[in-house]
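The values are calculated or read from the model by the stated rules, or taken from the named source; none is laboratory data. Keep in mind it's a predicted model, so treat the numbers as computed, not measured. Ideal geometry is used to build each Cβ from the backbone, glycine not excepted, and the neighbour counts take in all protein chains shown.
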Amino acid sequence: MTPIQKVIYKKDKQIKPVWLMRQAGRYLPEFREIRRINTNFIDLCLNKKKVKEITLQPLKRFNLDAAIIFSDILMVPYGLDQDVNFKKNYGPVLGELKLQNIHKVTYKDFTNKLNPIYGSLKTIKKDKLLKNKDLIGFVGGPWTILVYMLNKKSPKKNLNKLIKDKKLTSELLEIITDFLCVHIKNQVKSGASVIQIFDSWAGLVKNSDIERNIYNPTKKVINFIHSLKIPAICFPRNIDDYKEFVDTIKPDVVNIDYRVNPTKIVSNIKIPVQGGLDPKILLTNRKNIKSKVQRYLDIFQNHPYIFNLGHGVLPQTNPDMVEYLINTVKNFK
């Protein structure tokens, strides 16, 4: 078993494995150099050679317990034939949602379009750096994918106007959920040993709509992952009630965001927990990093816990501070 598997299956509560969301990304100078040359982000995500190189960059630098495939949650809308582009200093920009075109996309079409991602996973899995480490695959949560497909960019406020058409949202959620399962199955077949679901915009959903928009479609995805005999980590960012989410969805691990009180989580959540540390802590100093890291490790000392952040590593982060954080976790007694 890998260290993460030991935590997930509660074989050893004392192990505190560590990996970081966006650990392969913009804070690393070697990644920035690749990105400078490869300006089309979608093309980069489909470049098997570069994806392997980027995915393994943090493992070459740091004593991490897992790699996470370099990709993006918006590869699913791309696979569903919606235009997806990334504008510098702005973020994702999606084309018009044409439901009639989406209905024409078969599972085979979708798989063929995203096949380079699965090829990347296969080559990464064979690398010696992955010995006794997990290779994490991922998808966006059904709701979050829906939000991007409808809003055509990152949402910054409640989407009530966009989601008034319940027939459209229900139909689209069903399609998205089905194709997320296809994407997950292909990742697992290609070597992913864990799947993380990033529901980045879960916090936008009203409590009255959470069952329809979050719980029902996400539970379908989780049940499918469990049918593949693979553990699932859920990151429902900014939701109000993590306990209700865990009791309803039944993931193997829940990733908490940095706005959550970890002492409340440890007393209410029985399953393994991941994350929580504010990534802005890495922009401070070593003394503060050590203090905040040790607080999380103390709180979860007797609870199955995977050390991670409450969001992704920020672009302006000094890699030396990442190394210090990881070493602090590894040296914790």
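All conditions but one from (1) touching a Leu at 6+ places or on another chain (Cβ under 6 Å); (2) in contact (Cβ under 8 Å) with a residue 60 or more places away in the chain apply to VAL205; the one that does not is (1). The set of residues from segment 298-310 being in a helix (DSSP H, G or I) and either surrounded by 16 or more Cβ atoms within 10 Å (Cβ to Cβ) or touching a Lys or Arg at 6+ places or on another chain (Cβ under 6 Å) (or both) comprises just one member, ILE299. Residue pairs whose Cβ atoms lie under 9 Å apart, separated by 6 or more positions or on different chains, with the first residue in segment 124-147 and on the phi > 0 side of the Ramachandran plot and touching a residue at least 24 places away in the same chain (Cβ under 8 Å) and the second part of a helix (DSSP H, G or I) and surrounded by fewer than 24 Cβ atoms within 10 Å (Cβ to Cβ), are ASN132/PRO3.
The residues listed here are ASP247, ASP240; of these, the one that is at pLDDT below 95 and of a type in the set (Asp, Glu) is ASP240. Quick check: is even one residue across segment 307-326 of a type in the set (D, E, K, R), in contact with a Leu (Cβ under 7 Å, 6 or more places away or on another chain) and more than 17 Å from ILE269 (Cα to Cα)? Checking segment 307-326: not a single residue is of a type in the set (D, E, K, R), in contact with a Leu (Cβ under 7 Å, 6 or more places away or on another chain) and more than 17 Å from ILE269 (Cα to Cα). In this structure, LYS49 does not qualify as among the basic types (Lys, Arg), in contact with a strand residue (DSSP E or B) (Cβ under 7 Å, 6 or more places away or on another chain) and at negative phi.
Candidates in segment 311-325 are the residues that are in a loop (DSSP other than H, G, I, E, B) and hydrophobic (A, V, I, L, M, F, W, C); of these, the one that is farthest from the chain's Cα centre (by Cα) is LEU314. Scan SER291, SER267 and give me the residue that is within 30 Å of LYS250 (Cα to Cα) and free of Cβ contacts under 8 Å to residues at least 24 places away in the same chain. None of the other options fit; the residue is SER267. Across segment 63-105, the number of residues qualifying as surrounded by 13 or more Cβ atoms within 10 Å (Cβ to Cβ) and either among the acidic types (Asp, Glu) or under 17 Å from the mean Cα position of the chain (by Cα) (or both) comes to 17.
Listed here are the residues, each with its yes/no results for (1) at pLDDT below 95; (2) more than 20 Å from LYS185 (Cβ to Cβ); (3) β-branched (Val, Ile, Thr).
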| residue | (1), (2), (3) |
| --- | --- |
| ILE68 | no, no, yes |
| ILE73 | no, no, yes |
| VAL76 | no, no, yes |
| LEU80 | no, no, no |
| ASP83 | no, yes, no |
| ASN89 | yes, yes, no |
| LEU97 | yes, yes, no |
| LYS108 | no, no, no |
| THR111 | no, no, yes |
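Kindly indicate whether ILE289 is at pLDDT 95 or above and farther than 26 Å from SER208 by Cα. Here the answer is yes, as ILE289 does meet what is asked. Within segment 130-144, the set of residues being of a type in the set (Phe, Trp, Tyr) and in a strand (DSSP E or B) comprises PHE138 only. Here ASP43 passes the criteria (1) touching a helix residue (DSSP H, G or I) at 6+ places or on another chain (Cβ under 8 Å); (2) at pLDDT 95 or above except the one numbered (1).
If only one of PHE31, PHE70, PHE41 is aromatic (Phe, Trp, Tyr) and free of Cβ contacts under 8 Å to residues at least 40 places away in the same chain, which one is it? Going through PHE31, PHE70, PHE41 in turn, just one is aromatic (Phe, Trp, Tyr) and free of Cβ contacts under 8 Å to residues at least 40 places away in the same chain: PHE31. Whenever a residue of segment 55-66 is at pLDDT below 95, it has no partner that is part of a loop (DSSP other than H, G, I, E, B) and surrounded by fewer than 20 Cβ atoms within 10 Å (Cβ to Cβ) lying with C-beta atoms less than 7 angstrom away and at least six residues away or across chains. Note on segment 160-184: residues that are surrounded by fewer than 19 Cβ atoms within 10 Å (Cβ to Cβ) and either modelled with pLDDT under 90 or under 25 Å from GLN274 (Cβ atoms) (or both) total 8.
Going through (1) closer than 23 Å to ILE102 by Cβ; (2) crowded, with 16+ Cβ neighbours inside 10 Å; (3) basic (Lys, Arg) one by one, LYS133 falls short only on (1). Has segment 45-57 got at least one residue that is buried (at least 20 other Cβ atoms within 10 Å of the Cβ), in contact with a Leu (Cβ under 7 Å, 6 or more places away or on another chain) and within 22 Å of GLU323 (Cβ to Cβ)? Yes, segment 45-57 contains at least one residue that is buried (at least 20 other Cβ atoms within 10 Å of the Cβ), in contact with a Leu (Cβ under 7 Å, 6 or more places away or on another chain) and within 22 Å of GLU323 (Cβ to Cβ).
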